[in-house]
Amino acid sequence: MKAIQFLKPKEIRIIDLPAPESPGPGEALVRTHTMGICGTDISGYLGKMPFFGYPRIPGHELGLEVLAIGPEVTNVRVGDRCSLEPYLNNPDSPTSRRGTGNCCPDIQVLGVHIDGGLRREWICPARKLHPGNALSYNQLALVETLAIGYHAVQRGNPQPGDTVLVVGAGPIGLACLEFLKLMDVTVIVMDMNEERLRFCTEKLGVTRTVQVGSEVSPVDQLASLTDNVMANLVIDATGSAKSMSACLEYAAFAGRVVYVGITADELVFPHAPVFHRRELTLLASRNALPEDFRQIIDIIDEGKIDTDKWITHRFGFDETPEIFPRFGNGFPGLIKAVIELD
């Protein structure tokens, strides 16, 4: 059985694995039909992901089919189409028992800390599978990305009438926008990429945009859009230390800032004149919760989110070793790429 492996940074290969055994108690044998490529996978390939270990089979945004189930499995059946919650937490940890297994100290993320799903058949914990039989495998592969954005929005707790700024129009930022559009809030998106901002306007209907790097500073552009009030909630999805340090200046007095992007660099921001004076609340958002996955599958099924516009690039399994080196330079018009294993 073939799989894709990152042997070390910038070295990718197709490997042969033995066929998986029958699933044991609490396990399921699954087949990967589709894998979404995300920033974590690209950073892992480039050696820029702080939590990544090598060698590693990537893949945590997955559209899966259940082929067999082991004893004691009741949440899925053979033939189910599923999304995967790839955060393998310790259910007995104090953090998990409080309902926040998404940031369990013992967490292992599939495709990051342990091998993921860029292989045809493999064994996974059945408790992490979320059925969505009305969805396509491509839609199911998008659920994890959407869950990250959904959880970040929930962390920020936007209130009716709030102005919400999303910094970064990559997949996680776009996921945040999808859910903010369903709320009674004013949405603004900021990015340095004019093409991504145009996508937000033309495809998502988010018409209030701020372009970083234009002649007018981001602070002044935002002030103009908000009558100098700024944003009640700022969600930074860039993973850029420079952006994450600067984004507190975009927050209104008594505002909230959520970091959903990840950086290994130190963040520096003015305390007295900005953070303290405005009495800001700073929050982190990590991974997502099981109920987030179930909620998103229902939202897609109800037609509230159109996933067709998300996937702009499709690749086959055998193309993968040639594809990842090209992500360093980007693909024109890329919003979301998937690998289709069928």
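Annotation for the stretch 161-246: GluC sites (Glu not before Pro) lying in DSSP loop with at most 14 further Cβ atoms inside 10 Å of their Cβ are Glu215.
Applying the criteria of a DSSP loop state and at most 10 other Cβ atoms within 10 Å to the trypsin sites (Lys or Arg not before Pro) of the stretch 61-125 yields Arg98. The amide H of Leu283, built 1.01 Å from its N in the peptide plane, has Val257, Val258, Tyr259 as neighbours under 5 Å, considering only residues 5 or more places off or on other chains.
Over all distinct Cα-Cα pairs of the stretch 204-342, the Kirkwood formula returns a hydrodynamic radius of 18.3 Å. Pairwise Cα separations in the stretch 120-227 fall into 5 Å bins from 0 onward with the following percentages, short to long: 2, 11, 19, 19, 18, 11, 7, 6, 4, 2, 1. Among Thr207, Thr145, sorting on how many other beta-carbon atoms sit within 10 Å of each Cβ, with the fewest leading, yields Thr207, Thr145. Across all C-alpha atoms in the stretch 1-69, the radius of gyration and Dmax reach 13.6, 37 Å.
For the stretch 1-88, GluC sites (Glu not before Pro) meeting the loop criterion (DSSP other than H, G, I, E, B) and having at most 16 other Cβ atoms within 10 Å: Glu21, Glu72. Considering only Phe52, Phe331, Phe179, the mean-square fluctuation computed in a Gaussian network model of the chain, springs between alpha carbons under 10 angstrom, is largest for Phe331. The calculated pair-distance distribution of the stretch 148-284 uses every alpha carbon pair, bins of 10 angstrom beginning at 0, and gives 13, 49, 35, 4 percent.
Panel order for Leu182, Leu341, by other beta carbons found within 10 Å of each beta carbon, from fewest to most: Leu182, Leu341.
How large is Rg over Rh for the chain, taking Rg from the Cα atoms and Rh as the Kirkwood inverse mean of 1/r across Cα pairs? Ratio value, two decimals: 0.97. Ordered by the number of other Cβ atoms lying within 10 Å of each residue's own Cβ, fewest first, Ile42, Ile69 fall into the sequence Ile42, Ile69.
Rule-based calculations on the coordinates, nothing more; no lab input. Since the model is a prediction, treat every value here as computed from it, not as a measurement. No Cβ is skipped: glycine too gets one built from the backbone with ideal geometry, and neighbour counts run over all protein chains shown.
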